Structures are given as structure tokens and as C-alpha cells.
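Here is the structure we will look at, set down as C-alpha cells.
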Amino acid sequence: MTQKRPIFAVAPMIDWTDRHCRYFHRQISREALLYTEMVVADAIIHGPRDRLLGHDAAEHPLALQLGGSDPSKLADAVKIAEPYGYDEINLNVGCPSDRVQSGTFGACLMLTPETVAECIAAMKRVATVPVTVKCRIGVDEQEPEQALPELITRVLDAGADAIWIHARKAWLKGLSPKENREIPPLDYEIVYRMKQRWPDVYIGINGGIHTLDEAAAHLAHVDGVMLGRAAYQNAAILADIDQRFFGAPAAEPDWEALRDRMMAYAERHIASGGRLQHVARHMVGLFTGLPGARRYRQILSTDAAKAGAGPEVLAAAFAAVDFSGTEQEAVSA
């Protein structure tokens, strides 16, 4: 990656960061780098490409995250994805799910850094945009001080343009994917040390970051910060990113304009055969902490799921929120 300014990204999250989620997030932040869910190379080669790779032009800057361990298949997936115009291609070397393990990719690849390097080299040969890696600090009994530098060395030699590091180990046996996001201890310092070792390499950090103050503190040590669940579950946090990290003028969020854009988007989606729930499910956590947020959540969670629900449900949900105050709800969100 060639960016010299601090970068803020929303992490790729399976079942969460689909095209509707990304369109929603883009309405709140113009600058944050957004990621697709992980898409398996085999699915792109053999599956419904438009459904897997299609996106709204408004989503950019947008990165495609690929899963796989076969260099030739990953290269084919990159070539197939090229016309869709992604700004970055990222290889998943960190997902610990059983499905990924059965395919011997994701976090499993931490055990075979030579394979990761072969994959990156193959992707780089055909890519016209930066190719990056998102990894863990190690898996299972690996010693991160050895495993992580070895992986970084190999992928950089293969041409990787940037490294995003989730600052936890992944335990491939004994922990669920959810537990792998919470139980292994965070080790931010090792990520900082990797940046010190490779000062000219773009290195970003991910894992357990909940606030923009925490993000800013990390940017004193690394080049980029990636938020996952914190950005998804309270999307309003994205409203301050452009001003804080990208130098945009300070401005109060225009929630009415957001409502109108999302209603128009939902109307287009429904007209093409979709359902309101596909869009609304990503918006539930938007107003955490504001008066009326509970009613907002109730409307989106129940009415948006009903057959025939239309954009007016979004209007009703927004109408339940009191934007004049910022006091916490009496019952915690």
C-alpha cells in the first residue's frame, strides 16, 4: 500500500460485512477502508460471481478479502475479481473457524508461511492493486516472536504491500471462533516491535480496539488501525473518523440525511427482489446510548423482518430516537 497517512479500516467479518453493511458504513465515513467478508477462491471460480463480488460504487475505498491456500486458484480469483474494481486484495491468514480449518487456510496458514508466500507471489503476478495479508501473531503452540517475523519476512519477499496483524494467537483446537476473538490474550507490543523491525513496511493493528482514543494511541506505533465488532455494533463511532484521522472538517452527523439515503438504498434493494431485513439488520446498533435507542432497535429487529416491510420502517425507527440529547438510556444499551 502506498498511503502515508494514518489509515482506519473496518475489519472483514463473516456474515456481517456484506455489501449492505458496507454501503451503510460508507454513508457514515467517506474515508474508512472497508473490507468484504472473506470470499473463498473456489467460490469465486465456480460460484455466482456477481453475487459474491458485486458491490455499490459508493463503497470505495474497498478491499476484497480472499480465502484459500492454492496459489493458482487464488491467482485465478484475483483475475476474475479485477473487473469489479476493488482497491486492494487481502489474503486471510487469521480466521480460525472450523470451515476454514477443513480447507487448510485462514489461520492454519500461519503454520506454513512458505505456502502463504507462494500464494502472495501468485496473486501479485496478476494483481493490478495492492495485495496485503491479514494474520494472527501465531497459532496453537507457536512462539509468536519466531512465527510472526518468519511469516512477515516471507510474504514481504513475495511482494506483499502491507500486513494487518490481529494481535492475538488463534487456537485451532479447543476454542470456537468467538472464543478466539476474546480469550487469547492481546499482545499489542509484538505488533509494535514488528513495525520497529520493518519501519518502511505498512503495518496495521487489529484486535480488541473499542474506541477512537485507543485507535489514536495505536497510531503512535503503527500505520493503521482496524476495528471490527466495535464499529459494527456501534456504527456511530464511524462518524468521527474522517475528521479525527483524515483531516476532514469537523461537522455534526446529519442523521436525517443518513436516514434518507438508507431508505432510498433499501427501496432499490427491495425493488430488485431483496428484503428490508437484509439492510436493516446492520443498522440496529447505530444509536447505542441515545434516548430512544431501545425503541429504535425494537422496530428494526421486529418490523423490518416482517414480510412486505418497506423503507418506511427505517423512518419509524429513526423517529423513535431523540437526537437532542446524548444521555445514556436508563437501561444500558
Compute the angle between helix 71-81 and the longest alpha-carbon principal axis of the chain, please, reported from 0 to 90 degrees and rounded to the nearest 10. 30
Calculate how steeply helix 144-157 sits against the longest principal axis of the alpha-carbon atoms of the chain, using the helix alpha-carbon long axis, and give the answer as 0 to 90 degrees to the nearest 10. 90
Once the Cβ-Cβ distance between E312 and H221 is put in as r, and R0 is 41 Å, what FRET efficiency do you end up with, to the nearest 0.05? 0.30
Which whole-number percent gives the relative contact order of the chain, counting Cα pairs below 8 Å spaced six or more residues apart? 15
Between R51 and E189, what is the label-to-label distance in nm when each label sits 7 Å out along the Cα-to-Cβ direction? 4.9
Ordering L227, L290 by how much accessible area each has at a 1.4 Å probe, largest first, what is the list? L290, L227
Rank Y84, Y202 by accessible area, highest first, at a 1.4 Å probe radius? Y84, Y202
Any chance you could give the angle, 0 to 90 degrees and rounded to 10, that helix 293-302 forms with the longest Cα principal axis of the chain? 80
Computed [θ] at 222 nm, deg cm²/dmol, the chain (DSSP H ≥ 4; -39,500 (n - 2.57); rounded to nearest 500): -11500 deg cm²/dmol
Taking Cα centroids, how far is the range 184-229 from the range 124-150 in Å? 15
In the chain, carbon and sulfur make up what percent of the accessible area (probe 1.4 Å)? 49
Cα lying deepest toward the dipole's positive end in the chain, options A117, N206, M263, charges on Cβ: M263
Charges at C-beta only: +1 for Lys and Arg, -1 for Asp and Glu. How large is the resulting dipole of the chain about its Cα centre, in Debye rounded to 20? 480
In the range 118-197, how many lysine pairs have Cα atoms under 16 Å apart, counting only pairs 8 or more places apart or on different chains? 4
Mean 1/r over all different Cα pairs, inverted: what Kirkwood radius does the range 183-273 give, in Å? 15.7
Principal axis dimensions, the chain - Cα atoms, whole angstrom, descending: 54, 42, 41
Prolate/oblate/rounded call for the range 206-333, Cα gyration tensor, a/c under 1.5 rounded: prolate
Taking only protein heavy atoms and a 1.4 Å probe, what accessible area per residue, in Å², does the chain have with all protein chains in place? 44
S301-D240 pseudo-label distance in nm [points 7 Å out on the Cα-to-Cβ vector]: 2.6
Note down the relative contact order for the range 283-328 as a percent, whole number, built from C-alpha pairs under 8 angstrom at least six residues apart. 52
Report the label-to-label distance for D260 and L111 in nanometres (one decimal), using points 7 Å from each Cα along the Cα→Cβ vector. 5.5
Distance between the range 238-295 and the range 37-76 - C-alpha centres, whole angstrom: 25
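The values are calculated or read from the model by the stated rules, or taken from the named source; none is laboratory data. On a predicted model such as this, the values are computed, not experimentally measured, just so you know. Counting neighbours? That spans all protein chains shown, and the Cβs are built from the backbone with ideal geometry, glycine included. Areas reflect the complete protein model, heavy atoms only, side chains present, ligands, DNA and RNA absent. Shrake-Rupley method; radii C 1.70, N 1.55, O 1.52, S 1.80 Å.
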